[in-house]
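Some notes on the structure that comes next.
Values in this text are rule-based calculations from the coordinates and carry no lab data. Note that the structure is a prediction, hence the values are computed from the model and not measured. Note that we place each Cβ from the backbone using ideal geometry, even for glycine, and neighbour counts take in every protein chain shown.
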Amino acid sequence: MASTLVGCAAGSGDEPRADGPSEAAPRPEEIRDLTTGEEILVERAERILVKRCMEGSGFTYWLRPPVSAAERGGRGFVLDDIAWARTYGYGGELEQRAEKARLNDPNATYANGLPESDRIRYSKTLDGDPDQGMMSVRLPSGGTVQMPRTGCWNSAGEQLYGDIATWFRAKKTATSLTSLYVPDLLKDRRLTTAVAAWAQCMKKKGHVYASPDDIRAKRYSLVEGMSPRRAHATEVELAVAEATCAVETSLGRTASALESEYRTKKLQPYSDDLATYQRARLTALARAETITGSKA
């Protein structure tokens with residue numbers, strides 16, 4: 001895993017409805033974050049519901065797999081998963097694979113090949129029609145985000161998470177809170193001391209970087225012009241060094257512990273939104289198991 005500090009979330013047939021009684025709401029003591037496997041299962045169910053919705057409106061729609069567990073690794077303030085680093089480096093090959101899949105997405109090819117009027121209807125059916133109403137949320141960090149109330153993505157979300165406006169507000173709030181505590185966390189002496197120890201460890205291994213962020217800023221330029229094989233090997237060498245030093249100096253554990261501490265201290269005013277977000281995701285998980293016929 002990578003230590004956090006992430007800068008850190010209408011059907012038919014017998015599908016469970018957002019207001020249906022098929023799943024009991026999670027009890028307070030059961031509220032938690034989803035595992036990576038559970039997130040993938042929910043996203044797979046969401047895509048199934050979108051496909052049904054689009055096909056119900058007369059369009060062809062292909063299922064694309066969710067982002068894999070491997071692609072979700074290597075994120076955060078510091079890489080401290082040595083095994084992941086040894087296999088994927090900084091994920092360069094994974095990124096290239098994902099970009100290739102995006103460019104070859106059959107849904108985009110299909111939509112682009114439709115007559116203009118059908119292409120417009122396809123877009124509004126999938127993503128919503130602003131003329132039919134917008135949802136709006138003011139973020140704790142400032143600014144406002146909006147999204148149409150209609151569309152197959154929202155229909156799928158409502159079937160999984162419940163009332164779509166409530167889900168939209170909770171999700172956008174819960175996933176935009178890092179700026180409220182990260183600046184103070186980064187100045188915490190306990191973290192800066194651990195970063196200095198990590199930098200010294202990296203220097204001994206022949207890599208001079210002031211912080212993990214320093215690597216992130218220079219990562220792509222380091223492999224520019226290299227063959228894919230050499231670029232991957234270069235990434236792996238540096239990533240393994242970063243992860244090894246993060247473990248040896250305890251930077252990974254320190255960053256994770258401090259993030260938990262700062263979130264508890266700084267995010268108390270948003271505890272209801274965070275609980276709503278977690279509760280809705282657990283409800284979605286139960287419904288996803290029914291929709292997909294499988295468990296994480």
Taking the chain and counting helices only, DSSP H stretches of n ≥ 4 at -39,500 (n - 2.57) each over all residues, the nearest-500 ellipticity at 222 nm comes to -18500 deg cm²/dmol
Per 0.36 nm of contour for each residue apart, how much would the distance between residue 138 and residue 226 grow if the chain were fully extended, relative to their Cα-Cα spacing?
27.2 nm
Rounded to the nearest Å, the spacing of the alpha-carbon centers of the range 106-150 and the range 216-247 is 38 Å
Considering lysine pairs in the chain that are 8 or more places apart or on different chains, how many have Cα atoms under 17 Å apart?
4
Take residue 60 and residue 207, extend 7 Å from each Cα along the Cα→Cβ direction, and tell me the distance between the two endpoints in nm.
4.6 nm
Return the Cα extents of the range 52-109 along principal axes one, two and three, sorted largest first, each rounded to a whole Å.
48, 19, 17
